[in-house]
Amino acid sequence: MDKKPIAIIMCVHNSGKYLQIALDCIINRTQYPYKIILVESESTDGTDEVCDYYAKTYDQVEVYHTKKEGLVKAMNFGIMMAGDLDVYITQDDVLHPRLFGRDWLQCLVEASKLESCGIVTSILAGGISGTDYLAGLQWAGTWSLFIPRSTINKIGVFDEAYSPGMGDDIDYSYRVYKAGLRIYLANFWVDHHRSSEHFNESQDLSKAHGEYFRKKFKLGEFANGITTTSN
């Protein structure tokens, strides 16, 4: 039986000097079936032209030019364009598709088949939240995040109240836990992350979005027992 492709969603804005490297890493080395969905938002440095070139040159690359409304809305748009496919969300980062001789997508897909899997991430792609959100909560970041379609069907997409960004991945990770699912860690380095403009523009929103998070989930003290499960 043919494998369904994975939709690799890459949201970009003014990424011209990084985007070609990021795309070439995937196109030249990834063997598992995939398609790349580029969500480009009002770039002014030629990023839109780079996206158009790759979409015209490679059948597995699609590009959508959208209004610049922040990373959260861009990711949700990409998930919608992916149809019924599992998705891998990343940014204009450097990936290591054949690290240790293993295909990165194959490994992520295999991890997603483990018991009660909600999402899969990679080494250093996340963190532990502080008191602004839920102290001690282990979360998976959206620069390296594999989401099976079954998880999307169960808990939905990202909460756009966190627009333009910051806290949306903490919220999503917590929703995964609340749904009785697990976060699995692919035990090899997949992604070398850099802070893009999408990310930097929302640094000052952490406290406000933390307050929204705590109110949304009616949180008091940290709920013991919420942990990330590693494979």
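Taking the listed residues 150, 206, 196, the one that is farther than 17 Å from residue 90 by Cβ, modelled with pLDDT under 90 and either over 13 Å from the mean Cα position of the chain (by Cα) or acidic (Asp, Glu) (or both) is 206, with no other qualifying.
Looking at the range 149-167, which of the residues that are part of a loop (DSSP other than H, G, I, E, B) and in contact with a Lys or Arg (Cβ under 9 Å, 6 or more places away or on another chain) is surrounded by the fewest Cβ atoms within 10 Å (Cβ to Cβ)?
156
If you go through the range 151-184 one residue at a time, how many are of a type in the set (Gly, Ala, Ser) and touching a Leu at 6+ places or on another chain (Cβ under 9 Å)?
Of the range 151-184, the ones of a type in the set (Gly, Ala, Ser) are 156, 161, 163, 165, 167, 173, 179-180.
Those left that are additionally touching a Leu at 6+ places or on another chain (Cβ under 9 Å): 163, 165, 167, 173.
Of the residues in that region, 4 qualify.
Pairs meeting the criteria (first residue in the range 23-47 and touching a residue at least 40 places away in the same chain (Cβ under 8 Å) and closer than 15 Å to residue 104 by Cβ, second residue in a loop (DSSP other than H, G, I, E, B) and among the polar types (S, T, N, Q), beta carbons under 8 Å, at least 6 apart or on different chains) are 34/60.
Listed conditions (1) of a type in the set (A, V, I, L, M, F, W, C); (2) at pLDDT 95 or above; (3) under 27 Å from residue 214 (Cα atoms) are all met by residue 37, apart from (3). Looking only at the range 69-92, residues that are in contact (Cβ under 8 Å) with a residue 40 or more places away in the chain and of a type in the set (Phe, Trp, Tyr) come to 1 in all. Filtering the range 53-80 down to residues that are touching a strand residue (DSSP E or B) at 6+ places or on another chain (Cβ under 6 Å) and more than 30 Å from residue 167 (Cα to Cα), which residue is surrounded by the fewest Cβ atoms within 10 Å (Cβ to Cβ)? Per the stated criteria, the residue is 60.
The values are calculated or read from the model by the stated rules, or taken from the named source; none is laboratory data. Everything numeric in this text was worked out from a predicted model, so none of it was measured. With ideal geometry, Cβ positions are generated from the backbone for all residues, glycine too; neighbour counts draw on all protein chains shown.
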